[in-house]
Amino acid sequence: MIGIYGGTFDPIHFGHLRSALEVVERFALSQVLMIPSAQPPHRETPQVATKHRWKMLCLALAGQDLLRADDREIQREGPSYTYDTLAEIRAEVGDTPLCLIQGGDVFAGLESWHRWQELLGLAHIFVMRRAGEPVKWDESVKQHYGNAVVHDRTKLFASPAGYIHELDVTPMQISASDIRHRLLENKSIRYLMPDSVLAYIEQNQLYQRALGVQRALGVQRGSRVQNG
Ligand code: ATP
């Protein structure tokens, strides 16, 4: 089974990395593709240029094989729809089981995603409870997908797509918006991400200036809206 872990990674942090690795190990996945969203359709534009988010992801994943940076949404024109990404990967891998890995916060907004009713035709969805919180199901998603929930792992391996599986990962109260906020406040972000990413942020003076300008303009930061 191959995992697909999308995000803005603005910036990548240990919450992403640790949860991806735990899913790899628990399900003996052959790999997880970590795919930065170039133009998230349903959330604010990322704060730093795509090239920086990509570089930070590559630095974070350097030297290990199980988590792989994948730039297909950066290469593609237009909004970064997960449906299109899954369709592309499905065409490449034949009947190999795929699982789309997402946090409960993202799953809670699934009904706003492009062609969300068709996602399970392409992959399973693994929903990670964030900080042990129960997963919230939107009413229309429950109606459409409520019967697709499975606890039995063998079903997940026996089918290329079609099921939703909820799981726990080690709770880590780390978020990219909190990291951006700390940078704005001139606070340390050490131990929230790999040192290589930290050094890159410092060298390129990322987030500090952009957020300073935003604050001056009164733009709200860190609002949680969804990808798609
Ligand atoms: P932001 O704070 O800017 O919204 P974020 O930290 O949630 O960002 P994203 O890139 O938006 O990061 O998230 C990508 C995926 O990673 C989502 O599925 C999200 O639920 C998951 N994720 C983010 N942080 C954690 C964490 N600490 N533990 C588990 N999953 C996480």
Subset of the range 22-52, residues more than 12 Å from the ligand (Cβ to nearest atom) and of a type in the set (Lys, Arg), comes to ARG26, LYS51
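Residues checked against (1) of a type in the set (D, E, K, R); (2) at positive phi; (3) within 12 Å of the ligand (Cβ to nearest atom):
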{"residue": "TYR145", "(1), (2), (3)": "no, no, no"}
{"residue": "ALA148", "(1), (2), (3)": "no, no, no"}
{"residue": "ARG153", "(1), (2), (3)": "yes, no, no"}
{"residue": "PRO160", "(1), (2), (3)": "no, no, no"}
{"residue": "LEU167", "(1), (2), (3)": "no, no, yes"}
{"residue": "MET172", "(1), (2), (3)": "no, no, yes"}
{"residue": "SER177", "(1), (2), (3)": "no, no, yes"}
{"residue": "LEU183", "(1), (2), (3)": "no, no, no"}
{"residue": "GLN205", "(1), (2), (3)": "no, yes, no"}
List the helices (runs of 4 or more DSSP H) inside the range 92-211, counting only whole elements, that have at least 2 residues being crowded, with 18+ Cβ neighbours inside 10 Å and either charged (D, E, K, R) or under 19 Å from the mean Cα position of the chain (by Cα) (or both). 104-107, 176-184
Pairs with Cβ under 9 Å, 6+ apart, first in the range 7-19 and without any contact (Cβ under 8 Å) to a residue 60 or more places away in the chain, second near the ligand (Cβ under 6 Å from one of its atoms) and of a type outside the set (S, T, N, Q): HIS16/GLY7; HIS16/PHE9; HIS16/ILE174; HIS16/ALA176
Whichever residue in the range 9-21 is within 9 Å of the ligand (Cβ to nearest atom) and surrounded by fewer than 20 Cβ atoms within 10 Å (Cβ to Cβ) and, among such residues, is farthest from GLY132 (Cα to Cα): PHE14
Here is a check on your reading of the model: is GLN39 out of contact with any strand residue (DSSP E or B) (no Cβ under 6 Å at 6 or more places or on another chain) and of a type outside the set (D, E, K, R)? yes
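None of the figures in this text is laboratory data; all of them are computed from the coordinates on show. This one's a predicted model, so the numbers in the text were calculated from it and none came from an experiment. Glycine also receives a Cβ, built like all others from the backbone with ideal geometry; neighbour counts cover every protein chain displayed.
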